[in-house]
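Novice: Pasting a structure here, questions to come.
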Amino acid sequence: MASLSEQLLHRIRDAHTRRRLTWWERTYLPAIAQGLWITSAHFWRNLALHLAHRVGLFRHVPASVTIQYPDQLRKTEPRLRTRHRLTKRADGTPRCVACMMCETVCPARCIYIVAGEHPDPNVEKVPKSFDIDLGKCVYCGYCVEACPEDAIRMDTQRHDIAAYSRDGMWLDMKELLNPGSKKFGEPPEKFVQLSLEEFRQLPQTPDPPPPGSGLPQTP
Amino acid sequence: MLIDLWIKCIVSLLVLFGVLNFAGMQTWLERKQSALMQDRIGANRAYFTVPWWLGGAPVNVVLRKLGGLGILNALADVLKLISKEDFIPAQGDRFLHTLAPFLAVFFAVIAFAAIPVGPPIELFGRVIPLQVANVNAGLLFALALASIGVYGVILAGMVSGNNLATLGGLRAASQMLAYEIALGVSLIGTVVCFGTLDLSVIVEKQGGLLFGWLPAWGILFQPVGCLIFMTAALAETKRVPFDLPEGEPEIIGYFTEYSGMKFGAFFLTDFVEVVLVAALTTTLFFGGWQTPYLAPDGFHFPWGAFAPVSHLAYVGWGLFSFTLKVLFFIWFFMLIRWTLPRFRYDQLMHLGWKVLFPLSLLNIAITSLVVVALHG
């Protein structure tokens, strides 16, 4: 197989010795007719399909490539990095052991952890507060890769992140543990510190759908 | 006497109503047709609800459906244009700046006066031509008014106090000059064929049959003239692929310094001109309000069948036929507008002066020779 540079050279040579257009081609009429044929074929095909969809026929043949965004959600790819969440143990307390790996590796320095002691001697530490400033986050996913406990994931399938202020971009620990529990516009509780008992009593949201299956319905 | 005046008023109001509606709905057609051609859906969100004292729920359902079809976007456009600030630049001339869009839209609309939209109707012993002004040189009238329309464009460019807008106006002027000539000369072939400048006579002469089965439409006598006319007419409407006077995305156009409804008037002018050239194409080359095989007393099919048609039905059918043909050409020009890329300016001038103009002269020569040979 010819190398890339050879292919390019060949193409440049081709461009110099390009076939001269015939008289009929230089009137542009055949090309214009061809173009009109293609576009009008699309027009009539899509018009017929739209009308057929109206009466319930050929529903499986799409008449357009449009995804009506807020009503319809695009299927996400499995590898897509979406908004962060903290995974939970069975009792609703965070899996995080406050090892500071993610905070250390974060290139945008948007993770803020305050470590505390865990009552269970086998666990040793627990975060007293865990905050992410999404306004700074670059979605590199290093925190997920650095985590030794699978405590932080970027699989909420949420990417419709909007806020009226910089504070609105702040994810506090309650929101990180239970994505979607905060209403839009509700101010974050920065550096909120909760005891393990309070963690268990938080309103628990279900885990997000598996990667690649689409987005959860926004509240 | 007074009743004649009233009849004229009603006819002209009907024509004006039709033209402005066609022009207004072209914003909808433009959005939806381009969407369908590009596998999209297009405008489908704009709608409003009315309170109960205006009809409430049943009306709202209809409004929601219309909004889903994108029709209410035209209304939203107008609301937006009317409520915007009417800005006149400090270097601009206040009077002329306001006059320019009126000139543009006035001459575009008034050109419809000469176009016969249907066969003459006989009501209460009175023959009413469905044509606003029965000008005996109607073709020249329509062409002249279509060309005067460019004054509004040039004026808009000159008095905006903006060099780029002035250049846009000049581009418009030279483009119009290049294409007006081809436009007019291409029609001389048609005039030679039909031997008249009166548009209603031209339409009547297209009512016959050729070889007993082919409708004697102008395009059969003047295929090259029709092609040149349609190309030049597209340039006349100042839309893609000949939208160099406007050139919204990168080269700045003549209406840069216009906002609100004045800009809307220029926009409307473009659409009215599309309707105008569609109506002219229909009238001159596609039989106007004539329907194949339909004579005033009924359908005479070439295989000998005959279906009688009453006079009112005949007139209604003529109006319908004309509307349908105009709609088709509006659709066709829209198709061209969304298919072809814009010409470069030198290509535009080359096409106008070196291709279309000589070609139309050649067309006249050949047509004249054939006509003289046939009629001796």
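Novice: Per-residue HN-Hα couplings for segment B:288-299, Karplus 6.51 cos²θ - 1.76 cosθ + 1.60 at θ = phi - 60°, whole Hz, x for Gly and Pro?
Specialist: In residue order, the calculated couplings are x, 8, 5, 10, x, 6, 9, 9, x, 8, x, 7 Hz.
Novice: Take the alpha-carbon centre of segment A:79-112, take the same for segment A:26-62, and report the distance between them in whole Å.
Specialist: 50
Novice: While we're here: What order, most packed first, do the peptides A:94-104, A:28-38 have when packing is the mean number of other Cβ atoms within 10 Å of each residue? Mind dumping the intermediate values first?
Specialist: Values: A:94-104: 19.2, A:28-38: 12.9.
With the highest mean Cβ count within 10 Å placed first, the list reads A:94-104, A:28-38.
Novice: Report, please, the projected area of segment B:44-83 averaged over directions, based on the convex hull of its C-alpha atoms, in nm².
Specialist: Value for segment B:44-83: 2.8 nm².
Novice: May I pose another question? Taking 4 °C and 1.567 mPa s as the conditions, I'd like the Stokes-Einstein D for segment A:19-66 in µm²/s, using the Kirkwood hydrodynamic radius from alpha carbon pairs.
Specialist: Numbers: Rh = 12.9 Å.
Estimated via Stokes-Einstein, D reaches 100 µm²/s.
Novice: How would you classify segment B:120-195 from its alpha-carbon gyration tensor, with a ≥ b ≥ c the square roots of the eigenvalues: rounded for a/c under 1.5, else prolate if a/b is greater than b/c, otherwise oblate?
Specialist: Note, shape of segment B:120-195 comes out oblate.
Novice: With just the Cα atoms defining each centre, how far is segment B:23-83 from segment B:101-118? Give it in Å.
Specialist: 27
Novice: Through the Karplus equation 6.51 cos²θ - 1.76 cosθ + 1.60, θ set to phi - 60°, convert the phi angles of segment A:91-108 into ³J(HN,Hα) values in whole Hz; use x for Gly and Pro.
Specialist: Calculated HN-Hα couplings, in order: 8, x, 7, x, 6, 4, 10, 6, 7, 6, 4, 5, 4, 6, 7, 4, x, 9 Hz.
Novice: Right, another one. At 222 nm, what value in deg cm²/dmol follows for the protein assembly as shown if DSSP H runs of at least 4 each add -39500 (n - 2.57) and the sum is divided by all its residues, to the nearest 500?
Specialist: Using -39500 (n - 2.57) per qualifying helix, the result is -16500 deg cm²/dmol.
Novice: For segment A:62-149, compute Rg over Rh where Rg is the Cα radius of gyration and Rh is the Kirkwood radius from the inverse mean 1/r over Cα pairs.
Specialist: 1.13
Novice: Oh, and also: When all alpha-carbon pairs of segment B:81-208 are counted, what percent fall beyond 21 Å?
Specialist: Details: 4443 of 8128 pairs.
Across segment B:81-208, Cα pairs with separations above 21 Å total 55 percent.
Novice: Here's another thing I want to ask about it. Return one number: the angle in degrees, 0 to 90 and rounded to the nearest 10, between the long axis of the Cα atoms of helix A:4-16 and the longest principal axis of the Cα atoms of chain A.
Specialist: With rounding to tens, the tilt is 30 degrees.
Novice: At a Cα cut-off below 19 Å, give the aspartates and glutamates reachable from B:LYS205, other chains included and same-chain residues fewer than 8 away excluded.
Specialist: B:ASP297
Novice: In addition: Against the longest alpha carbon principal axis of chain A, how many degrees, from 0 to 90 and to the nearest 10, is the axis of helix A:29-54 turned?
Specialist: Approximately 50 degrees, to the nearest 10.
Novice: Mind checking segment B:29-70 for trypsin sites (Lys or Arg not before Pro) that DSSP puts in a loop (not H, G, I, E or B) and that have at most 16 other Cβ atoms within 10 Å?
Specialist: Filter output for segment B:29-70: B:ARG40, B:ARG45.
Novice: For peptide B:25-38, what's the mean number of Cβ atoms from other chains within 10 Å of each residue's Cβ?
Specialist: Counting Cβ atoms of other protein chains within 10 Å of each residue's Cβ and averaging gives 3.
Novice: Counting residues in the protein assembly as shown as N, plug N into 2.2 N^0.38 Å and put the Cα Rg over that result.
Specialist: Rg over 2.2 N^0.38 Å, computed on Cα atoms: 1.35.
Novice: Now, a different point. A 23 angstrom limit on the alpha carbon distance is what I want to check against. Which of B:LYS80/B:LYS325; A:LYS128/A:LYS174; B:LYS84/B:LYS238 exceed it?
Specialist: Details: B:LYS80/B:LYS325 32 Å; A:LYS128/A:LYS174 11 Å; B:LYS84/B:LYS238 25 Å.
Exceeds cut-off: B:LYS80/B:LYS325; B:LYS84/B:LYS238.
Novice: Check every DSSP H run in chain B and write down those whose alpha carbon atoms cover 30 angstrom or more along the long axis and whose mean Kyte-Doolittle hydropathy is -1.0 or greater.
Specialist: Helix filter hits for chain B: B:2-37, B:138-158, B:163-194, B:260-285, B:311-337.
A short reminder: the numbers here are calculations on the coordinates, not readings from a lab. In this text, all values refer to a predicted model and were calculated from it rather than measured experimentally. Cβ coordinates were reconstructed from backbone atoms using ideal geometry, including for glycine residues, and neighbour counts include every protein chain displayed.
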